[in-house]
Amino acid sequence: MSDTKHKKYMSLAIEEARKTMNLDIGGPFGAIIIDQKGNILSIVSNTVLGDHDPTAHAEMNAIRKATKKINSHDLSNCTLYTTAYPCPMCLGAIIWSNIKQVYYGCQETDADEIGFRDDFIYKFIETGRKNVDILNLEEKERNLCLTLFKEYQDKNKEIY
């Protein structure tokens with residue numbers, strides 16, 4: 001893909017982010033998903049503040065809109081452009097949606113420098129998820145839950 005196309009797609013993500021940023025709906029985060037032919041499936045921004053939803057990151061919103069548009073949870077062969085390196089939540093969603101190519105603008109350190117806190121989540125994960133000041137994770141009633149998992153498996157339900 002040409003640099004002109006990359007610039008076009010990233011500029012669309014920036015433009016969308018700027019709109020909602022200036023309306024105090026979200027931060028400087030925009031995203032766009034295109035299919036393998038270059039058709040735009042979604043152009044969205046971060047709407048955390050407007051939606052009062054901590055998961056309403058640009059990448060999450062882009063995935064939600066694109067999957068609805070194609071009526072599938074699978075975004076294989078799609079490409080995502082985002083104005084910043086995806087946070088851990090968004091990285092997980094990108095991987096779960098089968099997107100294999102992501103182009104990002106700003107680095108994690110750029111977001112950190114203006115006050116966003118992605119870095120402490122990375123550190124929590126990297127240090128074994130043991131910092132109870134951030135999150136206390138405890139296993140309870142595993143055997144009860146394994147019964148549900150076994151039932152899903154026995155019914156040959158779709159794995160995604």
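List the trypsin sites (Lys or Arg not before Pro) within the stretch 99-145 that DSSP assigns to loop and that have no more than 13 neighbouring Cβ atoms inside 10 Å. Before the final figure, lay out the partial values.
On the way: sites: 100, 117, 123, 129, 130, 140, 142; in loops: 100, 117, 129, 130, 140.
Listed in order of number, the matching sites are 100, 117, 129, 130, 140.
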Between residue 119 and residue 154, the FRET efficiency computed from the C-beta separation at R0 = 35 Å comes out, to the nearest 0.05, as 0.25
Measuring from the longest principal axis of the C-alpha atoms of the chain, the long axis of helix 142-154 (C-alpha) lies at a number of degrees, nearest 10, equal to 70
Per the charge dipole of the stretch 9-94 (beta-carbon charges, Lys/Arg positive, Asp/Glu negative, Cα centre), the residue among 49, 89, 61 reaching farthest to the positive end is 61
If every Lys and Arg gets +1 and every Asp and Glu gets -1 at its Cβ, then about the Cα centre the stretch 9-95 yields a dipole, in debye to the nearest 20, of 200
Averaged per residue, the 1.4 Å probe accessible area of the stretch 14-160, protein heavy atoms only, in Å², is roughly 69
Which residues qualify? For residue 101, with a placed amide H closer than 5 Å and at least 5 residues away or on another chain, they are 80
Given 104-110, 88-94, 39-45, the highest-first ranking by average Cβ count within 10 Å works out to 39-45, 88-94, 104-110
Quick calc: nm separation of the 7 Å Cα→Cβ label points for residue 110 and residue 127 -> 2.7
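What part of the accessible area of the chain, given as a whole %, is carbon or sulfur when the probe is 1.4 angstrom?
Ligands and nucleic acids excluded, carbon and sulfur give 53 percent.
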With the dipole of the stretch 1-139 defined by +1 on each Lys or Arg Cβ and -1 on each Asp or Glu Cβ, the option from 78, 28, 127 whose Cα lies farthest towards the positive pole is 78
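What does the helix-only formula give at 222 nm for the chain: each DSSP H stretch with n ≥ 4 adding -39500 (n - 2.57), the total divided by the residues, and the result rounded to the nearest 500 deg cm²/dmol?
After summing the helix terms and dividing by the residues of the chain, the value is -14000 deg cm²/dmol.
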In degrees rounded to 10, the 0-90 angle between helix 3-22 Cα long axis and the longest Cα principal axis of the chain is 80
Of all trypsin sites (Lys or Arg not before Pro) in the stretch 1-43, the ones in DSSP coil with at most 15 other Cβ atoms within 10 Å are 37
With +1 at each Lys and Arg Cβ and -1 at each Asp and Glu Cβ, the charge dipole magnitude of the chain around its Cα centre, to the nearest 20 debye, comes out at 640
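The values are calculated or read from the model by the stated rules, or taken from the named source; none is laboratory data. What you are looking at is a predicted structure, and each value in this text was computed from that prediction instead of being measured. Please note: Cβ atoms are built from the backbone with ideal geometry, for glycine as well, and neighbour counts cover all protein chains shown. Keep in mind that these areas ignore ligands, DNA and RNA; they rest on the heavy atoms of the full protein, side chains included. Shrake-Rupley method; radii C 1.70, N 1.55, O 1.52, S 1.80 Å.
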